[in-house]
Amino acid sequence: MGPNSDPHYYIAAMGPKPKTVDNFWRMLWQEKPLAIVMVTGLVEKGVSKCERYWPGLADGKTIMTCGSSRVANMHSQPKKGYVRSTLKAVVLDSNGKRVSHTIEHCWYNTWPDHGVPRTAGIPLYTDDTLDMMSELNMVMRD
């Protein structure tokens with residue numbers, strides 16, 4: 001749930017596997033969330049645990065086709081502890097017209113394989129996570 005109990009504020013789900021990426025994008029298209037918050041890595045101890053479901057190159061031109069969605073990474077900015085990107089999905093409607101939906105994507109890519117975020121001398125370090133959520137909440141209010 002987001003502010004004002006908005007159930008479409010963001011998607012919180014398990015990361016997709018190779019065979020479910022198309023379904024993941026179908027869910028995103030159906031629900032039209034404003035944001036995706038990802039708090040897992042793509043690989044843990046050498047084993048793939050989440051398929052990359054968005055283009056790594058943030059040029060707005062590199063397209064990843066996922067089912068009926070064509071996805072572009074419009075902008076990506078590394079932050080302390082996470083990466084914030086703007087993803088744009090385009091599909092053809094029933095009349096063959098292109099329709100798009102833009103989603104903010106925050107990937108907390110520094111979460112450790114096991115345990116919780118830590119920093120030297122501090123047993124639990126949540127500053128990066130809180131900064132990410134604070135920034136995302138500001139963006140969503142605009």
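Brief remarks follow.
- Label-to-label distance, nm, for residues given as D22 and V91 (7 Å Cα→Cβ offset): 1.3
- Straight-line cross-link reach from K19 at under 15 Å between alpha-carbon atoms covers these aspartates and glutamates, not counting any fewer than eight positions away in the same chain: E51.
- Among the protein heavy atoms of the chain, carbon and sulfur supply 55% of the accessible surface, probe 1.4 Å, non-protein parts ignored.
- Spin-label proximity, S68 to the stretch 84-108 - amide N less than 15 Å from point 7 Å beyond Cα toward beta carbon: 89-101
- Using 0.36 nm per residue and subtracting the Cα-Cα separation, the extra length available between E31 and H75 on full extension is 13.6 nm.
- Overall form of the stretch 8-56 per C-alpha gyration tensor (a/c, 1.5; a/b vs b/c): prolate
- Under 26 Å from K97, Cα to Cα: lysines that are on another chain or at least 8 residues apart: K32, K61, K88
- Ordering of 96-108, 76-88, 38-50 by packing is 76-88, 96-108, 38-50, highest average first (other Cβ atoms within 10 Å, averaged per residue).
- Taken about its Cα centre, the chain carries a charge dipole of roughly 460 debye when the Cβ of each Lys and Arg holds +1 and the Cβ of each Asp and Glu holds -1.
- Computed from label points 7 Å out along Cα-Cβ, the spacing between E135 and V99 is 3.2 nm.
- Based on protein heavy atoms only, the chain ends up with 61 Å² per residue of surface accessible to a 1.4 Å probe.
- Stretchable slack from K61 to N109, in nm (0.36 nm times residue separation minus alpha-carbon distance): 14.9 nm
- Long-range amide H partners of C66 with built H, under 5 Å: V71
The values are calculated or read from the model by the stated rules, or taken from the named source; none is laboratory data. Predicted model only: the values in this text are computed from it and were never measured. Every residue, glycine among them, receives a Cβ derived from its backbone with ideal geometry; neighbour counts consider all protein chains shown. Surface areas here come from the heavy atoms of the whole protein model, side chains and all, with no ligands, DNA or RNA. Shrake-Rupley method; radii C 1.70, N 1.55, O 1.52, S 1.80 Å.
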